[in-house]
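The values are calculated or read from the model by the stated rules, or taken from the named source; none is laboratory data. Model, not experiment: these values are computed from the prediction. Cβ placement follows ideal geometry from the backbone for every residue including glycine, while neighbour counts extend to all protein chains displayed.
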Amino acid sequence: RRALGSLGKSRAKFISAEEKTGVTFDDFAGQEYIKGELQEIVRILKNEEEFQNKGIYCPKGVLLHGPPGTGKTLLAKAIAGEAGLPFFAANGTDFVEMFVGVAASRVKDLFASARSFAPSIIFIDEIDAIGSKRGGPDIGGGGAEREQGLLQILTEMDGFKVSTSQVLVIGATNRLDILDPALLRKGRFDKIIRVGLPSKDGRLAILKVHARNKFFRSEEEKEVLLQEIAELTEDFTGAELQNVLNEAGILTARKDLDYIGRDELLEALKRQKGTFETGQEDSTEVPEELKLRLAYREAAVAVLSCYFPDPHRPFTQTDINSIRSQPNMQYKEISGRVYARKSDYVNAVIRACAPRVVEEEMFGIDNLCWISAKATLEASRLAEFLILQTGMTAFGKAYYRDHSDLVPNLAVKLEALRDEYMRFAVEKCASVLREYQSAVETITDILLEKGGIDAEEIWDAYNSAPRVPQPPVTPIDEYGALICAGRWGIHGVTLPG
Ligand code: ADP
């Protein structure tokens, strides 16, 4: 595909200081402390000599990590824009080639160009593509090649002299967990910044940034509308918030209106939520069967949330208007000081099982569908977190980043203990749902009829429902599970009734 002559040339995109990235810190909203940290770095970059006299050096590398769409690229461009420095943008996947020696020489070229323009900035997006742990499983092939590239990055970063004008390397990833630890060592990416999902205030600030070039009836109305959208968009990234406003703009134009109104914003929001998983932008018509499944799922989650209320995040409402693989239940912002007890974690695992368990109760094991598939993942993930990272279980008091941290014999123990937690969670969840089947039916009916239900109606249904007493569930046997791996085998569990 590519001519041989260009082998080894880095494919990085170059933006000179004069061209400017056009992005400033004003374009990034929310998470103000991140800007503070980065502004500090820009200050040092711009006034190297002055700071060096005081013995302060700029970090060599800054690693931004967090979910996609949270503004990591935006921040890197803002750093370049604010510092007025040449900017070299590359992607980790650019370096991954099957030809021997290409990755390393691409890295070398990139750093050589950046150095000749120093002080300058290199941005490597998706750095995990080249910087994943060495010696791990070789997904997608090209492992040895990638290792060469990674080694070259390490060499280049070690090679900078701190005493001369330098090159700042900014890396971005949403997989911090798979990065090779050598990259994170002192003198390489020594500043690690998490870019997370925005809080409610953050979401409002982001919406305001992207509403700058949009028309509203008045400043007051804009404020009120954006407030409302910020309330309704928990778990949204900056990119998704931007999409909502853009989509609302498009709808406004399509209807030939002069100003974005509440209807357009809510419609845009609905579309954004609906396209999370399905990608079917225009299918507003939901098939009856899917509606029924969604309603049962939300009702089950609601009942479990009443039975095991999350002390830190009271629920507010749910609906069956968006088709996502995760429950639509919405929660208040976390308030006050959070101290989760072991029982809170276990309850969270049980709650997370609800979509899967109710589907199985209603439709049978052969008739499950994808809207409950994520529940299994979520519940296992929570159980694993409790076992590996809290030191609260029989697994021991050590901290493990994830299961890849475990030696084989511990991995077997993890599996057994997780199975035992999951066995208990599934059984307890099923038991609660059977006890409160009548509340589940009531909430389902309301959802099918009105499309949505709020916390008050949920609690009413829950408190007034006749209950069917259930036999006790066998408690978690932590030690039994540790000694006897796989005894429980919950995978084959069938729910009676
Ligand atoms: P990432 O690199 O983390 O995947 P991007 O920087 O590519 O995310 O984000 C995509 C777009 O989403 C940005 O160009 C910007 O328009 C918008 N965006 C994301 N986060 C924010 C934020 N915190 N403030 C303002 N806009 C944001």
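Which of the following residues is within 28 Å of residue 131 (Cα to Cα), among the basic types (Lys, Arg) and without any contact (Cβ under 8 Å) to a residue 60 or more places away in the chain: 35, 72, 46, 54?
After ruling out the rest, the residue left standing is 35.
Does residue 107 fit the bill of being within 25 Å of residue 239 (Cα to Cα), more than 24 Å from the chain's Cα centre (by Cα), away from the ligand (no atom under 16 Å from the Cβ) and modelled with pLDDT of 85 or more? Can you show your working first?
Numbers: within 25 Å of residue 239 (Cα to Cα): no; more than 24 Å from the chain's Cα centre (by Cα): yes; away from the ligand (no atom under 16 Å from the Cβ): yes; modelled with pLDDT of 85 or more: yes.
In short, no.
Looking for something surrounded by fewer than 16 Cβ atoms within 10 Å (Cβ to Cβ) and touching a helix residue (DSSP H, G or I) at 6+ places or on another chain (Cβ under 6 Å) - is there at least one such residue anywhere in region 380-393? Can you show your working first?
Going residue by residue through region 380-393, those that are surrounded by fewer than 16 Cβ atoms within 10 Å (Cβ to Cβ) are 381, 385, 389-392.
Still in the running and touching a helix residue (DSSP H, G or I) at 6+ places or on another chain (Cβ under 6 Å): 392.
Taking every residue of region 380-393 in turn, at least one turns out to be surrounded by fewer than 16 Cβ atoms within 10 Å (Cβ to Cβ) and touching a helix residue (DSSP H, G or I) at 6+ places or on another chain (Cβ under 6 Å).
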Quick count over region 259-310, residues being of a type in the set (Ser, Thr, Tyr), farther than 25 Å from residue 208 by Cβ and at pLDDT below 85, is 3
Answer from 166, 152 - the residue that is more than 12 Å from the ligand (Cβ to nearest atom), modelled with pLDDT of 85 or more and not charged (D, E, K, R) = 152
Give region 55-71 a look and list any residue that's more than 16 Å from the ligand (Cβ to nearest atom) and modelled with pLDDT of 80 or more, or say none.
-> 59, 60, 61
Per the filter on region 454-464, residues surrounded by 12 or more Cβ atoms within 10 Å (Cβ to Cβ) and either modelled with pLDDT under 95 or out of contact with any helix residue (DSSP H, G or I) (no Cβ under 6 Å at 6 or more places or on another chain) (or both) are 454, 455, 457, 459, 460
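Among the residues in region 195-215, are any more than 16 Å from the ligand (Cβ to nearest atom), of a type in the set (Ser, Thr, Tyr) and modelled with pLDDT of 90 or more? Even if it seems obvious, please write down each step before you answer.
Filtering region 195-215 for residues more than 16 Å from the ligand (Cβ to nearest atom) gives 215.
Imposing the further condition that a residue be of a type in the set (Ser, Thr, Tyr) reduces the set to none.
The answer is no; no qualifying residue exists.
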Can you give me the number of residues within region 216-259 that are of a type in the set (Ser, Thr, Tyr) and more than 16 Å from the ligand (Cβ to nearest atom)?
-> 3
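Which of the residues that make up region 363-407 are farther than 19 Å from residue 294 by Cα and polar (S, T, N, Q)? Before you say what the answer is, go through the steps one by one.
Step one: list which residues in region 363-407 are farther than 19 Å from residue 294 by Cα, which gives 380-407.
Within region 363-407, 380, 389, 390, 393, 404 qualify.
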Exactly one of 425, 430, 416, 411 is without any contact (Cβ under 8 Å) to a residue 12 or more places away in the chain and of a type in the set (A, V, I, L, M, F, W, C), and that one is 411
